[in-house]
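The values are calculated or read from the model by the stated rules, or taken from the named source; none is laboratory data. Bear in mind the structure is a predicted one, so any value in this text is a computation, not a measurement. Because the Cβ atoms are built from the backbone with ideal geometry, glycine has one as well, and the counts that use them run over all protein chains shown. In case anyone asks, the SASA skips ligands and DNA or RNA and just uses the protein heavy atoms, side chains included. Shrake-Rupley method; radii C 1.70, N 1.55, O 1.52, S 1.80 Å.
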Amino acid sequence: MKVLELLIDKKIERYNLPTQWSEVSISQYAKLMKVLENDTINEIELLVRTLEALLDIDAKILVKVPLKYLKEVYIELEPLTKEMPSNELKRIIEIDNIEYGFVDFDDLTLGEFADLDNYLQDAYDNMDSIFSVLYRPVTKRKGDKYFIEDYTLKDIAKRREIFSNKMSIDTVIGALVFFCNIGRKFIESTVLSLEKRTQKQKRVA
């Protein structure tokens, strides 16, 4: 993490700029990806909105900073461009001395899967909710084996705020990739099974 000093309204303001993915929260990552996937914005707006996402600073404040300084800050993001968040699935993560375990796909209830599928329709705006379903407090652990809390909407609401600001994207991007890949295979398998069943019924009819 690098501390930046920006002159705003004749005052020096300090902001933390992440220089590696382990320092980028899921809320920052979500904001950043929405910016990067917008093909309609120009280069200056891209610069401002990228810094807005990663510095947690309003664009209205950034526009008060001389452009040459913003460009210098933008160059400081180079370390992030040289590597991507890890795709490794971490089954247990720790935040504020609390362990959270990744739910086994085979243990997902229909309600959990339906909620996840709904959240994934707008993944960037719902990343805190997605990970609040996929990761839950560990209730019992022995080596690599562990048990996690049951799924409840009330507990998700509590975890969303914690995860949004304190969960590193480098810690959990592998979980999102894993779930999306497995979920896609599950859906494709279900569709294929339904198609075969339909064809069989047609032949019988």
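The table below gives the values:
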| read-out | value |
| --- | --- |
| Search result, residues across segment 29-45 that are assigned to a helix (DSSP H, G or I), over 20 Å from K90 (Cα atoms) and of a type outside the set (D, E, K, R) | L32, M33, V35, L36, I44 |
| Residue in segment 90-109 that is hydroxyl-bearing (S, T, Y) and either over 19 Å from F178 (Cβ atoms) or open to solvent by 100 Å² or more (accessible area, probe 1.4 Å) (or both) present | no |
| Unique match (being on the phi > 0 side of the Ramachandran plot, in contact (Cβ under 8 Å) with a residue 40 or more places away in the chain and either buried (at least 17 other Cβ atoms within 10 Å of the Cβ) or not β-branched (V, I, T) (or both)) among D125, D56, D117 | D56 |
| Subset of segment 109-138 [outside any helix (DSSP H, G or I) and among the polar types (S, T, N, Q)] | T109 |
| Residue list for segment 7-27, filter: open to solvent by less than 80 Å² (accessible area, probe 1.4 Å), of a type in the set (V, I, T) and either free of Cβ contacts under 8 Å to residues at least 60 places away in the same chain or out of contact with any Pro (no Cβ under 6 Å at 6 or more places or on another chain) (or both) | I8, I26 |
| Segment 59-89, subset crowded, with 16+ Cβ neighbours inside 10 Å and in contact (Cβ under 8 Å) with a residue 60 or more places away in the chain, residue farthest from the chain's Cα centre (by Cα) | V73 |
| Matching residues in segment 131-173 - criterion: being of a type in the set (D, E), modelled with pLDDT of 90 or more and surrounded by 12 or more Cβ atoms within 10 Å (Cβ to Cβ) | E149 |
| Breaking point among (1) over 21 Å from S168 (Cβ atoms); (2) assigned to a helix (DSSP H, G or I); (3) touching a residue at least 40 places away in the same chain (Cβ under 8 Å), for D106 | (3) |
